[in-house]
Amino acid sequence: MNHPLLRLDGLTKAYPGVIANDDVSFDIRAGEIHALLGENGAGKSTLVKMIYGLVQPDTGKMELNGGGFAPSAPRVARTSGVAMVFQHFSLFDALSVAENIALGMEQPPKPAALAGRITDVSNAYGLPLDPARLVGDLSAGERQRVEIIRCLLQDPKLLIMDEPTSVLTPQEVATLFTTLRKLRDEGTAILYISHKLEEIRALCETATILRGGKKVATCDPREQSASQLAEMMVGTSVTPASGAQTTTGSVVLRVDGLSLPPQSAFGTSLKDIQFTLSSGEVLGIGGVAGNGQDELLACLSGEVTTRATTLHFEGQDVSALGPNARRARGILAAPEERLGHAAAPDMSLTENAVLTGAVREGLAPNGIIQWGKARAFAERVIRAFDVRTPGPGVAARSLSGGNLQKFVVGREILQNPKVFVVNQPTWGVDAAAAATIRQALVDLAAGGAAVIVISQDLDELMEISTGFAALNAGRLSPTVPMRGLTLESIGLMLGGADAAA
Amino acid sequence: MLRLEKRKNPSRGWAIASPVVAVLATMIAGGIMFAILGSDPIEAIRTIFWDPIFNPQFASYSRPQLLVKAGPLILIAIGLAMGFRAGIWNIGAEGQYIMGAIIGGGVGLAFYPLDAWWIFPLMVICGGLGGALWALIPAILKAKFNTNEILVSLLLVYVAENILAAMSLGLLRNPEGQGFPGSRNFKSYDAAHNDFLIPSLGMHWGVVFAFVAVAVAWYVMRYHQFGFRLRVLGESARAARFAGVKPGRMVIFAFVISGLLAGLAGLFEVTGPGGQITDSFNSGYGFTAIIVAFLGRLNPLGILAGGLLLGLTYIGGELAQLMLNLPGASIQAFQGMLLFFLLATELFTNYRVRIGK
């Protein structure tokens, strides 16, 4: 081929105080799956935003099929054949699949015709989806299919996918890969952003690696080992968290017969959950999102209180206590949603430190907030967890996802919890930061705390947990020791089968 | 082409500069309008902003009017802003203002003609309670049944207005008033009269309460956990619950505080500058205070400035109508411009303008 499909030439984009992209050049050929690798803050998001027309480069230019390409808005990029599936879905729960897809189109066809086209595309690419179903009833994998089909209906030449597998089960990942390979074979180029190096080695022919806004290398990932790729991303070698093999102590948390009706129209109910947790233990709770993870965390953190005697901490019934009373006793939590749940977006990091740290750190004696002390606490979290930020005075929303995650997890860990519950501790976090967070969780358990890690990342759970339980449709399986479990047996447990079998 | 781009962090400089820029822009745009109407624009602007306070010819009348007008606006707006920060929308301050005046004033009239030092303090307490109790109706409905507090509090204004009409024609009518509607005049009942403390400044107890409310609210919003919780709730309800905030309880607190302050404002007005409970003594302070709250960016110090500025344009506007024969509508347009520019320039605190495509 004469021209690459998309040529990036010297793209530079600076924001106040940071150069997000510095002279980045590479080519994407038609019919290739091209990986874009890099740590959080390496400039991947900015780069794809420029390609998708969400931001404009300061200098440098792009060529599409040999012609100039400078999209001023996503609409322009879409008409040129560039489509994007975002990490976070923009779908309305209360609308059907077809209605959601129609909303994203410039000139949606008649509903009946659209439903037909959706069915055609979904059959052609092995993405089964009923256009009439409500999005609220779909699993994360099915929601992603909606987003993908929405893109495919535009017949894109370049499909950008931002961390598509982070919400999928192993089976759904396999389906997705089949679809992507089929698209590639038809000549569509795919720009694939991911942290999962093994995935990239299995799927992609080319990989471009960014570090600190600059291109480090373009290589064939199949010829590199995962650790070589990781080193290129980080600049130094990455050591996995040393496994938690500590001896467990006495029981600190006992959950017994915990049930919860759905909290919203599309919520999941919890059904008769029971488990015990001992100090020094890291209980990994696996399962696909939407099976009751948020609800379980809310019950443990105290945001939702449950029937008396369902929750005992150090022998005392804490079922009726609210979040701050539980914090006072040592039960801390970090929810999955960083912005808007674990942290208030427009508030500064100092204010967000007060959000959960007021009780245990004594930041508000007699209700009077000690801002100096709060700032010092925020600075301690920033230092201890290497949060990249100009200072504790910046708004939480201005931090990248990974950095905010480090702050949110660090804020709880530095308060010396006796029980720490964390949902998706490393979701959307780069390899180095994820290793830091996992190590901190392991160290916390080694120090005598009990840790519950709720995660969809099975590799993560196998790396750090001592025990494993699967959460499926609001039911929790019995806990089994992590040692000796295989991916296959975990898969069976996630499917609802009894692990002991 | 011009584009707006969200700033990563709000600009502190703009937050301070935007009101100044807005007032200047209003003067320019308003000046052009006055010039088109055939008046000297500089004289018109001076008449509105300068003469009410400093021109010896008018100041003796209009200077006290500034605090008389701004006092209740500030007092009510301070309470409303605390709720607004939490996303709790009390739109019915006008009703709470009326109920404070009726209940506080009614208690005072019940003791007529007794002369005792404790009558006025008792009236103040009852006025505040009256407003707070009236505000509790939408608050409890919201907290218990999740009704829309905007609608309920607003509709209760009309209920309060009807109660006011009934009271001034019935129970509270002046028995020596020759059948005219309206209560006894508090100016002729010393024990219940909210007289000027400093007549030349228009300072009365309501203004004192307004200033105290500004200081207390500033401290609470900045340093007290209660203020922090209100702000967190306004930012994100989910994060607030995670932080242990109980939204229902905050709704009750926010309504009680704003109702209390509105009730106090009503009591001070009716026993002071207003003079008597009539079916039309309320002049929309409860609604104008909503504007003042937003003019002040929901910040107590901003509300203090916003209340004074709005009060000034009212007095100066009247003066300009009188002295320069400017039509009343042009003064309202001028006030509209001020609000427009204040809200428009606020945008630049969170956004920057980018030139280019």
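The values are calculated or read from the model by the stated rules, or taken from the named source; none is laboratory data. The structure displayed is predicted, hence computed values, not measured ones. Methodologically, a virtual Cβ is constructed for each residue, glycine included, from the backbone with ideal geometry; neighbour enumeration extends over all protein chains shown. Ligands, DNA and RNA are stripped out before the accessible areas are found, and what is left, the full protein with its side chains, is counted by its heavy atoms. Shrake-Rupley method; radii C 1.70, N 1.55, O 1.52, S 1.80 Å.
Rolling a 1.4 Å probe over the protein heavy atoms of the stretch A:6-234, with every protein chain left in place, gives an accessible area that is 51 percent carbon and sulfur. For the protein assembly as shown, DSSP calls about 55 percent of its internal beta bridges antiparallel. With contacts taken as Cα pairs under 8 Å at a separation of at least 6 residues, the stretch A:1-127 carries a relative contact order of 21 percent.
Estimated from helices alone, the mean residue ellipticity of chain A at 222 nm is -9500 deg cm²/dmol (sum of -39500 (n - 2.57) over DSSP H runs with n ≥ 4, per residue).
With each label modelled as a point 7 angstrom along the Cα→C-beta vector, the B:Leu171-B:Leu4 pair spans 4.9 nm.
Computed on the stretch B:65-303, with alpha-carbon pairs under 8 angstrom and 6+ residues apart, the relative contact order is 41 percent. Legend: calculated FRET efficiency, B:Glu161 to A:Lys271, from the Cβ-Cβ distance at R0 = 45 Å, rounded to 0.05, equals 0.25.
With the charge dipole of the protein assembly as shown set up from +1 on Lys and Arg Cβ and -1 on Asp and Glu Cβ about the Cα centre, the Cα lying farthest toward the positive end among the listed residues B:Met82, B:Leu141, A:Met493 is that of B:Met82.
In this Cβ point-charge picture (+1 for Lys and Arg, -1 for Asp and Glu), chain A has a dipole of about 820 debye about its Cα centre.
Largest mean-square fluctuation among B:Leu319, B:Leu66, B:Leu261, in a Gaussian network model of chain B whose springs join Cα atoms under 10 Å apart, belongs to B:Leu319.
Spin-label model, A:Leu134/A:Gln171: points 7 Å from Cα along the beta carbon direction are separated by 2.4 nm.
Burial of accessible area (probe 1.4 Å, heavy atoms of protein chains only) in the stretch B:200-236, relative to its chain alone, reaches at least 50 Å² for B:Tyr223, B:Gln225, B:Phe228, B:Glu235. Short-range pairs are left out: with C-alpha atoms under 8 Å and at least six residues apart, the relative contact order of the stretch A:6-234 is 29 percent. The apolar share of the surface of chain B, taken as the fraction of accessible area on carbon and sulfur atoms (1.4 Å probe, ligands and nucleic acids excluded), comes to 67 percent. Every Cα-Cα pair of the stretch A:396-442 was included, and the share exceeding 18 Å stands at 22 percent. Where both bridge residues fall in chain A, DSSP classifies roughly 50% of the beta bridges as antiparallel. The residue list B:Phe255, B:Ala344, B:Ala305 was ranked by how far each Cα lies along the charge dipole of the stretch B:242-357 toward its positive end, using unit charges on Cβ atoms, and B:Ala344 comes out on top. Take the accessible area of chain A alone and of chain B alone, subtract that of the pair, and you get about 2700 Å² summed over both chains, using a 1.4 Å probe.
Scattering from the protein assembly as shown was approximated by placing one identical point on each alpha carbon and applying the Debye formula without solvent; log10 I(q)/I(0) at 0.04, 0.09 1/Å stands at -0.24, -1.02. Sites listed here are trypsin sites (Lys or Arg not before Pro) in the stretch A:72-160 whose DSSP assignment is loop and whose Cβ has at most 16 other Cβ atoms within 10 Å: A:Arg133. The simple Förster model, with R0 at 56 Å and r as the Cβ-Cβ distance, assigns B:Ile42 and A:Arg75 a FRET efficiency of 0.70. Each semi-axis of the equivalent ellipsoid for the stretch A:1-74 is √(5λ) with λ an eigenvalue of the Cα gyration tensor; in descending order they amount to 21, 14, 10 Å. The slack in the chain from A:Glu379 to A:Arg117, taken as 0.36 nm per residue of separation less the alpha-carbon distance, amounts to 88.9 nm. Annotation: B:Trp218 carries an accessible surface of approximately 100 Å², with a 1.4 Å probe and no ligand, DNA or RNA atoms counted. Entry comment: accessible area of the protein assembly as shown is 41 Å² per residue, from protein heavy atoms only and a probe of 1.4 Å. Label positions at B:Leu197 and A:Thr309, each projected 7 Å from the Cα along the C-beta direction, are separated by 6.1 nm.
Peptide A:336-345 has a mean shielding of 4, counted as Cβ atoms of other protein chains within 10 Å of each residue's Cβ. Among B:Met99, B:Met27, B:Met323, the largest mean-square fluctuation in a Gaussian network model of chain B (Cα springs under 10 Å) belongs to B:Met323. Relative to its Kirkwood radius, the Cα radius of gyration of the stretch A:6-234 gives an Rg/Rh of 0.97. At 37 °C and 0.692 mPa s, what whole-number value in µm²/s does Stokes-Einstein give for the translational diffusion of the stretch A:419-496, with Rh from the Kirkwood sum over Cα pairs? For the chosen part, D equals 250 µm²/s. Residues whose amide H comes within less than 5 Å of that of A:Lys214, counting only those at least five positions distant or on another chain, are A:Asp22 (H built at 1.01 Å from N in the peptide plane).
Can you give the FRET efficiency for B:Ile16 and B:Val353, using 1/(1 + (r/R0)^6), R0 = 22 Å, r = Cβ-Cβ distance, to the nearest 0.05? Approximately 0.75, to the nearest 0.05. Considering helices alone, the calculated mean residue ellipticity of chain B at 222 nm is -24000 deg cm²/dmol, with DSSP H runs of length four and up weighted by -39500 (n - 2.57) and normalised per residue.
In this structure, the pairs whose alpha-carbon distance is over 31 Å, taken from A:Lys49/A:Lys182; A:Lys182/B:Lys6; A:Lys13/A:Lys406; A:Lys13/A:Lys157, are A:Lys182/B:Lys6. Within the stretch A:1-98, none of the GluC sites (Glu not before Pro) combine a DSSP coil assignment with at most 16 other C-beta atoms in a 10 angstrom radius.
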